[in-house]
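All of the numbers you see were taken from the coordinates with simple rules; none came from a lab. Quantities reported herein were computed from a predicted structural model and do not represent experimental measurements. Here the Cβ positions follow ideal geometry from the backbone for every residue, glycine too, while neighbour counts run over all protein chains shown.
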Amino acid sequence: MARRSTPSRTLALSRAPAAFAGDIDGFIAFLDLERGLSRHTRENYQRDLDQAATWLARQEVADWRSVSPAQAGEWLHSLSRADFAVASLARKLTALRVFARYLMREKLRTDDFTALLAGPKLGRRLPGTLSVDEVARLLAAPGAGDPAALRDRALLELFYSSGLRVTELGGLMLQQIDLEQGFLRVFGKGSKERVVPIGARACAAIATYLSAGRPHFVKTRTGSQLFLSNRGGALSRITLWYIVKKHARHAGITQNVKPHLLRHSFATHLLSGGADLRAIQEMLGHASIATTQIYTAVEPQRLLDQHAKFHPRNRD
């Protein structure tokens, strides 16, 4: 059995049966130390592999070296029968595939037991967006009152102005932002650095927060995180989600507003205004232009929806 090692960034050890857990822990450490994957991604992989190991142990499989392709496939079929979403099934298969290659890399197996597994087909979902008017109402919702309002206003302005991922926004440090030049540096997926412009209104909101808002959140052990919680630490993903939802509700926006919706709106509004797709790809931090191209379908789809709804020849 592989020695149980803990990643450098604290993550709970695997809860899988003992015969499986050591290899999972070694894999998670590998993802952290050598692949540089985010904590969120590592947590997902660990949870999926723990689930697979628990199921395999119940089928009396001894350990990862004993897993057959048929048994791996049956695990996926059991999830499908349990009505897991297609996206969840695809993610779990990805975790298992990456793990199988790790086992071969470490010479713990000589074969890839996932090689013949077929993944579920994902339908192409267009990203949801807010209208320009809805964004304006959302950004105005916090007002300009107490320190929390100044923080939330700066956070929302920056979110929409930069199109950052939620984890990138929550982890921003003071030294990553240059308000004079109007840009920030961020490390995205795979620890890849990119430079992202910040609009003038976002810069002004951040400057106001830094002078009149952030000092109220600073505690003895506060570091250089930009956006602080009431305890003086970085804002968690859950808190960011709550802030966005709260102000969307106050702004009277009826659709389900999740933090990622601001990232989608950022990209869609830039594209609608004539921005180059390659520039949007660079700002979003997409590794492939194919990922960014999904936004090219959003604006035509909106026009089709409007035509179907309002053209007199389309009415009953």
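For region 9-73, the list of GluC sites (Glu not before Pro) that fall in a loop by DSSP and count at most 10 other C-beta atoms within 10 angstrom reads GLU34, GLU60.
Taking the inverse of the mean 1/r over every pair of distinct Cα atoms in the chain gives a Kirkwood hydrodynamic radius of 22.3 Å. Taking trypsin sites (Lys or Arg not before Pro) across region 34-109, the ones in a DSSP loop with at most 12 further Cβ atoms lying within 10 angstrom of their Cβ are LYS107.
Each Lys or Arg adds one and each Asp or Glu subtracts one; over the other residues with Cβ under 14 Å from the Cβ of LEU164, this totals +3. Karplus-based coupling profile of region 43-53, in residue order and whole Hz: 5, 5, 4, 4, 5, 5, 6, 4, 5, 4, 5, with θ = phi - 60° in 6.51 cos²θ - 1.76 cosθ + 1.60 and x standing for Gly or Pro.
Here region 1-112 is treated with +1 on each Lys and Arg Cβ and -1 on each Asp and Glu Cβ, and its dipole about the Cα centre works out to around 260 debye. Over all other residues within a Cβ to Cβ distance under 15 Å of PHE99, the charged ones net out to 0, with Lys and Arg as +1 and Asp and Glu as -1.
Summing charges over neighbours of ALA57, with a neighbour being any other residue whose Cβ is under 11 Å away from its Cβ, gives -2 when K and R count +1 and D and E count -1. As a rough footprinting exposure proxy, the listed residues ARG15, ARG137 were ranked by other beta carbons within 10 Å of their own, and the order from fewest upward is ARG15, ARG137. Going from the fewest other Cβ atoms within 10 Å to the most, the residues ASP146, ASP133, ASP25 appear in the order ASP133, ASP146, ASP25. Taking a ≥ b ≥ c as the square roots of the Cα gyration tensor eigenvalues, region 180-299 comes out prolate, since a/c reaches at least 1.5 and a/b is larger than b/c.
Counting neighbouring beta carbons within 10 Å and listing from fewest to most, the residues HIS269, HIS286 come out as HIS286, HIS269. Rounded to the nearest 0.05, the FRET efficiency derived from the C-beta distance between LYS189 and ASP276 at R0 = 22 Å is 0.50. When +1 charges are put on Lys and Arg Cβ atoms and -1 charges on Asp and Glu Cβ atoms, the dipole computed for the chain relative to its Cα centre reaches about 340 debye. Note on the chain: dipole from Cβ charges, positive end direction compared against LEU130, GLY285, ALA267; the farthest Cα belongs to LEU130.
Farthest towards the positive end of the charge dipole of region 18-105, among the residues VAL86, TRP55, ASN44, is the Cα of VAL86, using unit charges on the Cβ of Lys, Arg, Asp and Glu. Ordered from longest to shortest, the equivalent ellipsoid semi-axes for region 18-105 are 20, 16, 10 Å, each the square root of 5 times a Cα gyration tensor eigenvalue.
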